[in-house]
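These notes are about the structure you will find just below.
The values are calculated or read from the model by the stated rules, or taken from the named source; none is laboratory data. Worth saying up front: this structure is predicted, and the values here are computed from it rather than measured. Because the Cβ atoms are built from the backbone with ideal geometry, glycine has one as well, and the counts that use them run over all protein chains shown. Each accessible area value is taken on the protein alone, full model and side chains, heavy atoms only, with ligands, DNA and RNA left out. Shrake-Rupley method; radii C 1.70, N 1.55, O 1.52, S 1.80 Å.
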Amino acid sequence: MKLKYKQHRSSVPARRALRVCAALCAVVLTGCRQDMHVQPKYVPEDPSTFFADGRSERQPVSGTVARGHLRTDELLYTGRENGVVANLFPFPITAADLNRGRERYNIYCSPCHDFTGSGNGMIVQRGFPSPPSFHIDRLRQAPAGHFFDVMTNGFGLMYSYASRVSPEDRWRIAAYIRALQLSQHGSTGDVPEPQGRALLGQSR
């Protein structure tokens, strides 16, 4: 027995309209995606015919400062006060600061200056010119800002470490250099009394 059924004429056109609508949506959405990917813009190093110098990149407006690079503290960022190399630190130096300075010194400075600051690091032992010892009178009497300035701008054969070591860490290294100088030229009078007695082998 063959079953008979009545097909609704309206269902076929509805399905066709749905397919057409879906296809149109796909075309429209694809078009939007292309518009977002292909834009009238310049990427770095693209030439430009708009500007006379032919470059698309522009120099910053004179006097502008990048976010996070405003440096109003002369001592912290230059090692100077009123243009003169300073013999003080821009923040109190704690034991944690000295430990950090020792760590940074051992990483960046000891290859030339060695771990004691005598200027006989491993690079020097392999033929590089020896830097002056931190223990000579001239550097023992140099202001703290001098060491910061040399780390910042370089000196002689030493290049600048400004891109590698932050200003705060450069000051911590300078403080550690002072500790190294004291270690070679200190006296028992510089040691607190309990530790001084222990060094001299005296009983409490």
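Note down the nm distance, to one decimal, between modelled labels 7 Å out along Cα→Cβ at Asn82 and at Val43.
5.5 nm
Between Glu81 and residues 5 or more places away or on another chain, which pairs have amide H atoms under 5 Å apart, with H built 1.01 Å from N, and which residues are they?
The answer is Ala86.
For the full complex of protein chains and a 1.4 angstrom probe, list Met158, Met122 by accessible area with the highest value first. All intermediate terms of the calculation are to be shown ahead of the outcome.
Working: Met158 60, Met122 100 Å².
Ranked list, largest accessible area first: Met122, Met158.
Just flag the GluC sites (Glu not before Pro) in the stretch 39-123 sitting in loop per DSSP whose Cβ has no more than 13 other Cβ atoms within 10 Å.
Working: sites: Glu45, Glu57, Glu74, Glu81, Glu103; in loops: Glu45, Glu57.
In loop regions of the stretch 39-123 (DSSP not H, G, I, E or B), the sparsely surrounded GluC sites (Glu not before Pro) are Glu45, Glu57.
What is the helix-to-structure angle for 144-153, meaning the angle in degrees between its Cα long axis and the longest Cα principal axis of the chain, kept from 0 to 90 and rounded to the nearest 10?
In the chain, helix 144-153 runs at an angle near 40 degrees to the longest axis.
Within the set of other residues whose C-beta is less than 9 Å from the C-beta of Glu57, count the net charge using Lys and Arg as +1 and Asp and Glu as -1.
Values: positive: Arg55, Arg58; negative: Glu45, Asp46.
Once all neighbours under 9 Å are counted, the net charge is 0.
Go through Tyr77, Gly121, Ser166 and say which Cα lies farthest out towards the positive end of the charge dipole of the chain; charges sit on Cβ, +1 for Lys and Arg, -1 for Asp and Glu.
Ser166
Which angle between 0 and 90 degrees, to the nearest 10, do you get for helix 11-37 versus the longest principal axis of the chain when only C-alpha atoms count?
Here the helix axis deviates by roughly 30 degrees.
Could you work out the local net charge near Pro47, counting Lys and Arg as +1, Asp and Glu as -1, over the other residues with Cβ closer than 13 Å to its Cβ?
Working: positive: Arg55; negative: Glu45, Asp46, Asp53, Glu57.
Value of the local net charge: -3.
Asp169: accessible area at probe 1.4 Å, nearest 10 Å²?
Approximately 10 Å² of Asp169 is accessible to the 1.4 Å probe.
Hey, what's the chain come to in accessible area per residue, 1.4 Å probe, Å²?
Numbers: 15380 Å² over 204 residues.
Using a 1.4 Å probe on heavy atoms only, each residue of the chain averages 75 Å².
Using the Cα gyration tensor of the stretch 100-163, with a ≥ b ≥ c the square roots of its eigenvalues, what is the shape: rounded (a/c below 1.5), prolate (a/b larger than b/c) or oblate (neither)? Intermediate results must be reported in sequence, preceding the final value.
Values: a/c = 1.35, a/b = 1.18, b/c = 1.14.
Rounded shape, in that the Cα axes give a/c under 1.5.
Give the carbon-plus-sulfur fraction of the accessible surface of the chain in %, rounded to a whole number; probe 1.4 Å, heavy atoms of protein chains only.
On the way: 8890 of 15380 Å².
Using a 1.4 Å probe with all protein chains present, the chain comes out at 58 percent carbon and sulfur.
So what are the ³J(HN,Hα) numbers for the stretch 90-101, from phi and the Karplus equation (6.51, -1.76, 1.60; θ = phi - 60°), rounded to whole Hz, Gly and Pro as x?
Along the stretch 90-101, the couplings run x, 8, x, 8, 9, 4, 5, 5, 5, 5, 5, x Hz.
Please identify the chymotrypsin sites (Phe, Trp or Tyr not before Pro) of the stretch 46-77 that satisfy two criteria: DSSP loop assignment and at most 10 other Cβ atoms within 10 Å. Which are they? Could you put the intermediate results ahead of the total?
On the way: sites: Phe50, Phe51, Tyr77; in loops: Phe50, Phe51.
Those that pass, being in a loop and sparsely packed, are Phe50.
For the stretch 134-203, which chymotrypsin sites (Phe, Trp or Tyr not before Pro) are both in a DSSP coil and crowded by at most 13 other Cβ atoms within 10 Å? Show your work: numbers first, answer last.
Details: sites: Phe134, Phe147, Phe148, Phe155, Tyr159, Tyr161, Trp171, Tyr176; in loops: Phe134, Tyr159, Tyr161.
Answer in residue order: Tyr159.
Starting from the Kirkwood radius over alpha-carbon pairs of the chain, derive D by Stokes-Einstein at 10 °C in a medium of 1.306 mPa s and give it in µm² s⁻¹. Spell out each step's value before the answer.
Values: Rh = 23.8 Å.
Stokes-Einstein gives a translational diffusion coefficient of 67 µm²/s.
Pick from Arg172, Arg15, Arg138: which is most flexible by mean-square fluctuation in a GNM of the chain where alpha carbon atoms under 10 Å apart are linked?
Arg15
Place a +1 charge on the Cβ of each Lys and Arg in the chain and a -1 charge on the Cβ of each Asp and Glu, then give the dipole magnitude about the Cα centre in debye, rounded to the nearest 20.
Details: 26 positive and 17 negative charges, 481 e Å.
Computed about the Cα centre, the dipole is about 2320 debye.
Amide H to amide H under 5 Å from Arg55: which residues, 5+ apart in sequence or cross-chain, H placed 1.01 Å off N in plane?
For Arg55, the qualifying residues are Ser48.
Cα centroids of the stretch 114-146 and the stretch 44-86: how far apart, whole angstrom?
Answer, in whole Å: 33.
Tell me the net charge near Pro132. Cut-off is 12 Å between Cβ atoms, Pro132 excluded, with +1 for each Lys or Arg and -1 for each Asp or Glu.
Values: positive: Arg138, Arg140; negative: Asp137.
Cβ neighbours under 12 Å give a net charge of +1.
Is the shape of the stretch 93-204 rounded, prolate or oblate, going by the alpha carbon gyration tensor and its root eigenvalues a ≥ b ≥ c, with a/c under 1.5 for rounded and a/b larger than b/c for prolate?
prolate
How far, in degrees from 0 to 90, does helix 167-185 lean away from the longest principal axis of the Cα atoms of the chain, to the nearest 10?
For helix 167-185, the angle is close to 20 degrees.
Counting helices only, and only those DSSP H runs with n ≥ 4, report the 222 nm mean residue ellipticity of the chain as the sum of -39,500 (n - 2.57) divided by its residues, in deg cm²/dmol to the nearest 500.
On the way: 9 runs with 94 residues, N = 204.
Helix contribution divided over all residues of the chain: -13500 deg cm²/dmol.
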